[in-house]
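The values are calculated or read from the model by the stated rules, or taken from the named source; none is laboratory data. The model shown is predicted, which means the values in this text are computed figures rather than measured ones. When we count neighbours, we look across all protein chains shown, and the Cβ atoms used for this are built from the backbone with ideal geometry, even at glycine.
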Amino acid sequence: MELTRRAFLQASALAFAGSMAYELSTQSKAFGIESSEEDWKLVNTDEYTNICCYCSGGCGVICSVRDGELINLEGDPDHPINEGCLCPKGAAMFQLRNIVDDKTGEIVHNPNRITKPLVRRAGKSDWEDISWDDAIAEIARHVKTTRDENFVEVEDGVTVNYTPAIGSMGGSQQNSEEEYLILKLMRQIGVIGIDNQARV
Amino acid sequence: MTGHYCDFKNADVILTCGSNNLENHPVSSKWVQRALDKGATWIVVDPRFTRTAAQADIYCPIRSGTDIAFYGGLINYIIENDLWQHEYVLNYTNASYLINPDYNFDVSTGLFSGWDPTTKKYDTTTWGYQTESESTWDTSSTGTYSWVSQEGVPEFTPPTLKTPKKDPTLEDPNCVWQIMKNHYSRYTIDKVCEVCGMDPDTLELVYKTYASTGDPAKSGTILYALGQTQHHYGSENTRIMCMVQLLLGNAGMAGGGVNALRGEPNVQGATDMAMMVYDLPGYLHWPTVASTPTLRAWCEHETYSDGYYTNKPKFMVSFLKEWFGDNATVGNDYGYDWLPKVPKNGDDYTTIGTFELMNKDIMKGYFAWGQNPAASDPNTSFNRRAMAHLDWLVVADWTETATATFWKAPDMDASQINTEVYFLPAALIYEKSGTILNSGRWLQWRQKAVEPVDQAKPDYEMCDLLYRAIADLYRKEGGKCSEQILNTKWDYYVDGKIDPRPVSWALNGYNVEGTDFSKGKVSLLNGFANLKADGSTANGIWIYGGYYNNSDAPLDPAQQPVGRRGHDDPGNLGLYPKWAFSWPANRRIIYNRASADLRGQPWNEDKMLVKWDGSKWVTNDVPDFAANKTNADGTTEPIPPNNKAFFMKWEQNANLMTTGMKDAPLPEFYEPFESPVKNTLNGSQNSPMIKYAENESVKKGDASQYPIVATTYSITEHWQTGAQTRMCPALDEIAPQQFIEMSEELAAEKGIKNNDDVRVFNNRGSVKVKALVTKRIRPFTINGQTVHQIGMIHHWDWTNMFSTGDVVNDLTPNVGDPNSYIPEYKAFLVDVEKA
Amino acid sequence: MATERFIQRHSLQTRITHDVFVIACIWLMISGLFVFIPPLAAAVPEVARFMRITHRIVGCVFIITPIISAVASPGGVKRFFAKYFTKWTPEDVEFVKKFVPYMLMPKKTHMPDQDEVKSGQRFADGMLMLCAVAMAISGVILWLGISVFHVSAGVLAVQRFIHDLFFLILVIFTIAHIFLGAGIFEPYRPGHMIGLMFGNGQIDESDALYHWGFWARKEIEEGKNIVVKEVPDKK
Amino acid sequence: MTEQAILFDSSRCSGCKACQVACKTWNSLPSPLEKNSQEWNGSLQCPPDLGSNTRLIITFNEGDNGKKYGVNWAFGRRSCMHCTNAACVNVCPSGCLYHDEYGMVTYDAEKCIGCQYCRSACPFDVPRHKGSDDILGGSVVINKCTGCPDRVAHGRKPACVTTCQPGALDFGDRDDMIAIAEERVALLHKKGFDKARVYGKDEMDGCHVIYVLKYGIEQYELPENPKIMGSVNASSKVMKPLTALGFVAVIAGLAVCYISGIGYHRDTMRYDEKKHDVIDVDTGEVIKHIDKEAGER
């Protein structure tokens, strides 16, 4: 197995933390601007490699993490495609999670992000909060009702088992394993209307 | 992409046409610059003088939507000036194949032979070959296809190989070469200039420069993106580029190929994974009512008579085995009937069609996974009204998108909309792990760096929650065809928790024996060559075979091919075979057999990918052809060079002319759906097979009302509908508002000054944006008439805390391509006025 | 008990205006020095930063004080201009000619009688006022130019030069003003010079006759501003 | 340490502004968050100028190319030039600005007193100040490119250089950067870009940012012959010593006066307004008689 410096560090980290090492077990909410006595922004950070979420260049990025919080994100210098470089969107990927408050100068979670499930009821003009459990239960019920009411078992003498009433859009944003699960989830309830960002 | 990003450095000429690669695929700039530093020439053909054009050696303007005229002219130029690569074209393409004598193209009507005016479809029989001889598969126990007769393999009648007639002299009037030569003889330089709007000197310079790569030692690459594809003949645009690359012998070369710069991070993966109506993972076809109602029919209809796709039943049975697990047996056709079949009106279920279905109250529930059709699809104001017919909508995303809040749109009345909308907060890319593919088909592993903020969850976890909840309901209450759901294998857990790694096992493929996901035990397949049609192997997507194949450490991606980080670069060609994994089988440049001549000697030693040394193949890249064969006794021996350079085709030669497209055997120029001028190349204004053009919602505009050509595009600072990038303050700061680019001439005509607010409108909508008046945009003279074109960026909508704007896709027409169903975003009509 | 006569030379308003102005001026000079003298700021940056804030606040006082005073007493402004922009008499000319000899040989040089404001005083005070105006204007431009209007660097540089130049002139004339006005110079010492601005604003008859002969005699003749006080008998 | 420099090759720049973003994210500089608060100014040059939280911008200028299509589209770079003869360092009253070991002009924000002399001194109009909108200016602190000394000290290149995809930015020994720049300019001349030139090699006694300009300098918002402004020199080089001199001279002069005035005696006088006589109080002697009839006062 080829090991670069970075891969070696990761391999050691993995060995240290066991098979689930690539998932962090704890997350600290206490983070803020780096204290001035630390001479280096990335002091005591762990590095994780990732791939940019914009165009299809597949540029490598390195996420520097301290105490479960993202401290920095920049190009992966070992990556053969981007050699550590990132375009403006890639260079701003850190901000998807954390941004600098322009009033206080402190680093905070991006307020534009929604991090709780929401539901909008019929005829209402705003969102309501909903728990994950309730949201999933309600969606499952919707799927069953819609599917059972609109299901074609046989067409032209052929077993077809599809529902015309449910559509699914997307997949180009997800990882491939997720794409497979989305595809599988949708096709196994009989969905024909599957499409993704390949065209739009 | 047939190549990959690093490969651009090997090109002698780079043609950017239909992409704005510096702005929208900025990493390409690094590799284009490397090529330039080695002396390459860079041509940019674009309606606008972009930041990409600013750095190119040659810039040539082109009216949006006229690429086939441009490339048709290039083909004509190559043929007329004898600049094509003779040995390559003669041996590796179907140039010498004889076509059915009934084939015809009628210039006056713009129709090919086989047109049925009632169904408005082509019967492609007359586009096919004349047959020389027929042969059948040897499925005996010692035959090449002995596997067909083995136990467990579904019964099917193997296809008959019809060897085509050929004329190696290329003189026969029915041979592909003569038909093609004749077809493009109308595409003269003057004609192309008249249609596309550039001047003949510039065009000829472009043709001459690019055609220079017909020199066998040289390679030219074409970088394209949605500028080529987002037309109602976008697939033909792509095909004609392939033809050019074949004529010049560039396909399969290092620094050559046809390179789609794809726009989404994992759109390559989504396409591979068949997140489309008609597709099945790995570019197979999903079962349809019309052609493949049974597994037997599928095997008979889909399996090629020769070439690598003779193996399709292996891929399909393995797919069904992975999909249904133990529930799939040879006795029940491996569960084939439980898969939903695409009905005859399957086209209606693609993106554009789904909104019509909603509008007709046929589609009632909708999932949007990180996609934003209420802002990104064409004719979005219609789409929003259609979505209001939905009973329910589920959106999984990072932020409030236009889709999640279509009921909050300025033109919608929430009190009248009864759709129940669920927003599921998704984890960011570095808050979860998994595989992503780039345009170069590289599968790379993403490591999770941090936990999702608050209650956000990865999409895989959402899928799991939904699957379990739905399956529970059917288990408890029963319902329509509940076995479809309950027989599906869904066991991708590690320590009881949903996890992407077992899914990776499924995608890579595994031996059924020795595998038990529930026990964390898996016998991974080395590659797709190990797949079998007898139910002993399982695989979710055959082309990924080998990306995650180390059974010794199935839970450690770093010890899998996908997690490799090696920098070896044999041949110094930027192939990096030990970095991650590239499908298929870690091939970095596909069709690489074509990088060497008939005797297996590289056209250019410096760009050696594969080479026959007289007794074996010496390789820098994994051979994308049958380089070795396995004998009955299990030994392998090399296969000496032959002409089978394109073994994914049944002919094993590349197709200059094809029956594979629905709308034309040879790309022919038609005007965009909405165009200010008449088609002067043939008698049909639009492609006869344009999709959805007759839908009421389209509201076609004509040039008397809306004389200005508009095209939509992205800028480097933002991305797609801006849902992600507008949430990044640093990006809003460097590109705060939506603008259109227009010429000084048009601005003067309309009394518009730079930075003015302007209104852009047509029958479908009206948007207010800023005007950027610039010399970089120049009016075109088409057929002697002045045609103005504006460029519109499309990254805004009403959502977001930091930056909002109008939805530009309210203006785009919801018509599409008959092969890919892609909408025509790149050329439509509008008018502009000062706001 | 003998009596002594005093002339009321400056009103309360004048004195307050002058004194507030003086305090502001001194504060501005001190706080300005923190910017002007690098090692000073480097040594105590916290103090320097505080001084810089006060430079702006006190600058406001410096500018507003005379304006308020002028608005409160338009007549005073008129009189002020009348006495400062008056015709030069032969005595005024003689005063200027004799000024340097007088400063060096006060015992041997006798100055001519003067009006209410000596010619030299008119010149010196005029320079002080010119400097104040120039400093105020350039200061305001520097301040607002940076914080509100974001003017070009060239404008700022020119204003800074003006600010520095007039600071130089101001320093020279201020020292001279203090030297004479506060009675450090011995010929100016007897009497109540300091009290004119920092006391009751009155000048005793003898000093008035010495400095401003024409004015003193006129005041005494008119008698309006004359205050008679009992003083202990002289020995 | 050898002198280091940033190289900016405008003929490779794609105008993507990733450098602007990387500068912001590495240095944790905020962007405005108020909805739609940023005006677009009719150009891709955004923000249009350096600002209190913007240390670097890419400039866009469209020049006539004399051809049928397109323009000479110049992508320039505006940020600290890290001059050897740095006006800001010369003028800084508090020793906040200084040259680091690599020759880059950096600063110790703790020492900044917010006077903003550096901004008005800089011939490139580069230094900006955080909090400069604060009317009292108590929180004004310099904010300009530092050359990322923290990154350089840890073996990385400055944030802007690291992120540059087309390789328009580089960082290394100043001599090497100059050599690369000169080679590039020679190539550009060969390609027909006659006005291509190196900038920053000799300007300000040598900058630590070296530019390759593809088109004429007039397209790049750069001064042809940058100099420390006369008024800056006058202020720092002339006015301060002159003021000190003036101060000393006037004190010295007045000291002489003071000495000459010591022991001065003057008689107490009184004015007899009726007789128009000025009388010595002690002797009763009439010092002066005012002849009113003759017009005396």
(message) Against the definition (within 30 Å of D:His189 (Cα to Cα) and either out of contact with any His (no Cβ under 9 Å at 6 or more places or on another chain) or free of Cβ contacts under 8 Å to residues at least 24 places away in the same chain (or both)), how does D:Arg77 come out, yes or no?
(response) yes
(message) Every residue in segment D:40-64 that is surrounded by fewer than 19 Cβ atoms within 10 Å (Cβ to Cβ), assigned to a loop (DSSP other than H, G, I, E, B), over 25 Å from the mean Cα position of the chain (by Cα) and more than 7 Å from every other protein chain (Cβ to nearest Cβ), please.
(response) D:Ser43, D:Asp64
(request) Any chance you could count how many residues in segment D:20-37 are in a loop (DSSP other than H, G, I, E, B), within 9 Å of chain B (Cβ to nearest Cβ) and closer than 29 Å to A:Ser64 by Cβ? (result) 5
(request) Of all residues in segment D:247-279, count the ones that are more than 9 Å from every other protein chain (Cβ to nearest Cβ), under 24 Å from C:Leu180 (Cα atoms) and part of a strand (DSSP E or B). (result) 0
(request) For segment B:202-233, enumerate the residues that are over 17 Å from the mean Cα position of the chain (by Cα) and among the small types (Gly, Ala, Ser). (result) B:Ala211, B:Ser212, B:Gly214, B:Ala217, B:Ser219, B:Gly220
(message) As an exercise: evaluate C:Glu46 against (1) farther than 29 Å from C:Tyr210 by Cα; (2) within 20 Å of the chain's Cα centre (by Cα) and give the number of the one condition it does not meet.
(response) (2)
(message) Just to be sure before I move on: is B:Gly65 in contact with a strand residue (DSSP E or B) (Cβ under 9 Å, 6 or more places away or on another chain), within 14 Å of chain A (Cβ to nearest Cβ) and not in a helix (DSSP H, G or I) in the structure I sent?
(response) no
(message) Checking B:Gly574 against (1) crowded, with 24+ Cβ neighbours inside 10 Å; (2) facing chain A (nearest Cβ under 8 Å); (3) small (Gly, Ala, Ser); (4) part of a loop (DSSP other than H, G, I, E, B), only one condition comes out false. Which one?
(response) (1)
(request) Being buried (at least 21 other Cβ atoms within 10 Å of the Cβ) and either small (Gly, Ala, Ser) or part of a loop (DSSP other than H, G, I, E, B) (or both) is the filter here, so list the residues in segment B:556-571 that pass it. (result) B:Ala558, B:Gln560, B:Gly563, B:Arg564
(message) Going residue by residue through segment B:804-822, is there one that turns out to be within 12 Å of chain D (Cβ to nearest Cβ), more than 23 Å from B:Phe673 (Cα to Cα) and under 33 Å from the mean Cα position of the chain (by Cα)?
(response) yes
(request) Please indicate, with yes or no, whether at least one residue in segment B:502-524 is on the phi > 0 side of the Ramachandran plot, touching a residue at least 24 places away in the same chain (Cβ under 8 Å) and either of a type in the set (S, T, N, Q) or part of a loop (DSSP other than H, G, I, E, B) (or both). (result) yes
(request) Return yes or no: is B:Ser697 within 28 Å of the chain's Cα centre (by Cα), in a loop (DSSP other than H, G, I, E, B) and small (Gly, Ala, Ser)? (result) no
(request) Look through segment B:21-54, keep the residues that are polar (S, T, N, Q) and within 14 Å of chain A (Cβ to nearest Cβ), and return whichever of them is surrounded by the fewest Cβ atoms within 10 Å (Cβ to Cβ). (result) B:Gln33
(message) Is it the case, given these coordinates, that B:Arg501 is over 30 Å from B:Val258 (Cβ atoms) and either buried (at least 22 other Cβ atoms within 10 Å of the Cβ) or modelled with pLDDT of 95 or more (or both)?
(response) yes
(request) Output the number of residues of segment A:179-195 satisfying the condition of being touching a strand residue (DSSP E or B) at 6+ places or on another chain (Cβ under 6 Å) and farther than 11 Å from B:Tyr349 by Cβ. (result) 3
(request) Enumerate the strands (runs of 3 or more DSSP E) found wholly within segment A:101-200, keeping only those where 2 or more residues are facing chain B (nearest Cβ under 7 Å) and under 17 Å from B:Val421 (Cβ atoms). (result) A:118-120, A:158-170
(message) Which pairs turn up if I take residues in segment B:1-22 that are free of Cβ contacts under 8 Å to residues at least 12 places away in the same chain and look for partners that are among the hydroxyl-bearing types (Ser, Thr, Tyr) with beta carbon separation below 8 Å, at least 6 apart in sequence or on another chain?
(response) none
(request) Please work out which one of (1) at the interface with chain B (Cβ under 7 Å from one of its Cβ atoms); (2) hydrophobic (A, V, I, L, M, F, W, C); (3) buried (at least 23 other Cβ atoms within 10 Å of the Cβ); (4) in contact with a Leu (Cβ under 7 Å, 6 or more places away or on another chain) is the condition A:Cys87 fails and give its number. (result) (4)
(message) Take the conditions at negative phi and touching a residue at least 60 places away in the same chain (Cβ under 8 Å) and apply them to C:His55. Does it pass?
(response) no
(request) Considering (1) buried (at least 24 other Cβ atoms within 10 Å of the Cβ); (2) touching a strand residue (DSSP E or B) at 6+ places or on another chain (Cβ under 7 Å); (3) over 21 Å from B:Pro676 (Cα atoms), say which one B:Asp57 fails and leave the rest. (result) (1)
(message) Among the residues that make up segment B:320-332, is at least one of them free of Cβ contacts under 8 Å to residues at least 24 places away in the same chain, at negative phi, crowded, with 24+ Cβ neighbours inside 10 Å and in contact with a strand residue (DSSP E or B) (Cβ under 8 Å, 6 or more places away or on another chain)?
(response) no
(request) Determine if segment C:5-14 includes at least one residue that is buried (at least 19 other Cβ atoms within 10 Å of the Cβ), of a type in the set (Lys, Arg), at negative phi and within 16 Å of the chain's Cα centre (by Cα). (result) yes
(message) Checking B:Gly509 against (1) farther than 24 Å from B:Val317 by Cβ; (2) surrounded by 19 or more Cβ atoms within 10 Å (Cβ to Cβ), only one condition comes out false. Which one?
(response) (1)
(message) Six or more apart or on different chains, Cβ atoms under 6 Å: show the pairs whose first residue is in segment C:1-15 and of a type in the set (Ser, Thr, Tyr) and whose second is at pLDDT 90 or above.
(response) C:Thr3/C:Val228
(request) For segment D:88-175, please list each of the strands (runs of 3 or more DSSP E) lying entirely inside it that holds at least 1 residues being of a type outside the set (Asp, Glu), surrounded by fewer than 18 Cβ atoms within 10 Å (Cβ to Cβ) and more than 9 Å from chain C (Cβ to nearest Cβ). (result) D:97-99, D:169-173
(message) Step by step: first the residues of segment B:765-786, then only those that are closer than 17 Å to B:Pro676 by Cα and crowded, with 16+ Cβ neighbours inside 10 Å, then the one that is nearest to the other protein chains (Cβ to nearest Cβ). Which residue is that?
(response) B:Arg778
(request) Hey, can you tell me all the residues within segment B:337-377 that are part of a helix (DSSP H, G or I), charged (D, E, K, R) and either within 7 Å of chain A (Cβ to nearest Cβ) or crowded, with 24+ Cβ neighbours inside 10 Å (or both)? (result) B:Asp337
(request) State all residues of segment C:84-101 that are more than 21 Å from the chain's Cα centre (by Cα) and surrounded by 14 or more Cβ atoms within 10 Å (Cβ to Cβ); if no residue qualifies, say none. (result) C:Thr89, C:Glu91, C:Glu94, C:Lys98
